[in-house]
Amino acid sequence: SDSDYSPLTLGWQWSRADIQASYGFVVPTGRFHAGASDNTGGGYWAHIPSAGQTVYVTADKTTAVSAYELYEFHGTQNHTDIRPGETFNIDYSITQTLPLTRDKGTLLQIGLVGYGQYQTTDHRGVTAIAAGTHYTVNALGIAAGVMVPERQIDVGVKYLKEFANEATVQGHSLQITAAMTF
């Protein structure tokens, strides 16, 4: 329940590529008490620069390769001397968009998706063993979505399976999205 803010986002568009860069930060607004088992927040500030890129393989933009990267710079937890290690995160996809209706009023987007999360620095303020333990998360999967551009509606589903994780649990991820612009 910490608060995440992104006050600055810049974007550029070309005929075959879109790029964005942003800066965000996390405010420790969630409940955090050192040693508690029911914390809802992390108890620390974080600075998070990010960037996203989409390259359109085809001129009609129906085949796309995308990536979104962010880096987390973590502060020291409130009332402790613990500073979590910094992390690099990446989401990526290769998608194809197909018309579901002859007038192209409804579109289907399908593709391969994945993500990675990698701790890049040691934890500080913990035991030597814990400090040097870095986590790694990898996932690959599939995605499908239906878009109705005229009505600005988008619904989708992603299923990803994690593999070769280190120093953390490993599982599956099912993401269901729905968006409508008013």
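Across segment 139-153, not a single residue is classified as modelled with pLDDT under 95 and either among the β-branched types (Val, Ile, Thr) or farther than 26 Å from Asp18 by Cα (or both).
Scanning segment 46-69 turns up at least one residue that is at pLDDT 95 or above, among the small types (Gly, Ala, Ser) and exposed (fewer than 14 other Cβ atoms within 10 Å of the Cβ). Can you confirm whether segment 152-160 contains a residue that is in contact with a Lys or Arg (Cβ under 6 Å, 6 or more places away or on another chain) and closer than 30 Å to Thr101 by Cα? No, every residue in segment 152-160 fails to be in contact with a Lys or Arg (Cβ under 6 Å, 6 or more places away or on another chain) and closer than 30 Å to Thr101 by Cα. Looking only at segment 2-17, residues that are among the small types (Gly, Ala, Ser) and within 17 Å of the chain's Cα centre (by Cα) come to 2 in all. Which of the residues that make up segment 41-59 are among the small types (Gly, Ala, Ser) and more than 16 Å from Glu69 (Cα to Cα)? Gly41, Gly42, Gly43, Ala59 - these are the residues of segment 41-59 that are among the small types (Gly, Ala, Ser) and more than 16 Å from Glu69 (Cα to Cα). Picking from residues in segment 103-118 that are under 30 Å from Arg83 (Cβ atoms) and in contact (Cβ under 8 Å) with a residue 40 or more places away in the chain, the one that is surrounded by the fewest Cβ atoms within 10 Å (Cβ to Cβ) is Gly114.
For segment 81-102, the candidate set comprises residues that are over 17 Å from Ala131 (Cα atoms) and in a loop (DSSP other than H, G, I, E, B); within that set, the residue that is most open to solvent (accessible area, probe 1.4 Å) is Arg102. Where strands (runs of 3 or more DSSP E) fall entirely within segment 127-182, those with at least 2 residues that are surrounded by 11 or more Cβ atoms within 10 Å (Cβ to Cβ) and among the charged types (D, E, K, R) are at 153-162.
Considering segment 1-80, there are no qualifying strands (runs of 3 or more DSSP E) wholly inside with 1 or more residues that are touching a residue at least 12 places away in the same chain (Cβ under 8 Å) and touching a helix residue (DSSP H, G or I) at 6+ places or on another chain (Cβ under 7 Å).
Which residue, of Thr136, Thr120, Thr95, Thr127, is modelled with pLDDT under 95 and either out of contact with any helix residue (DSSP H, G or I) (no Cβ under 6 Å at 6 or more places or on another chain) or farther than 18 Å from Tyr68 by Cβ (or both)? The conditions single out Thr127. The residue that is surrounded by the fewest Cβ atoms within 10 Å (Cβ to Cβ), among those in segment 1-42 that are among the polar types (S, T, N, Q) and within 30 Å of Asp60 (Cα to Cα), is Ser15.
The values are calculated or read from the model by the stated rules, or taken from the named source; none is laboratory data. This structure is a prediction, so every number in the text was calculated from the model and none was measured. Cβ atoms come from the backbone with ideal geometry, glycine included; neighbour counts cover every protein chain shown. Note: areas computed on protein heavy atoms with side chains; ligands, DNA, RNA excluded. Shrake-Rupley method; radii C 1.70, N 1.55, O 1.52, S 1.80 Å.
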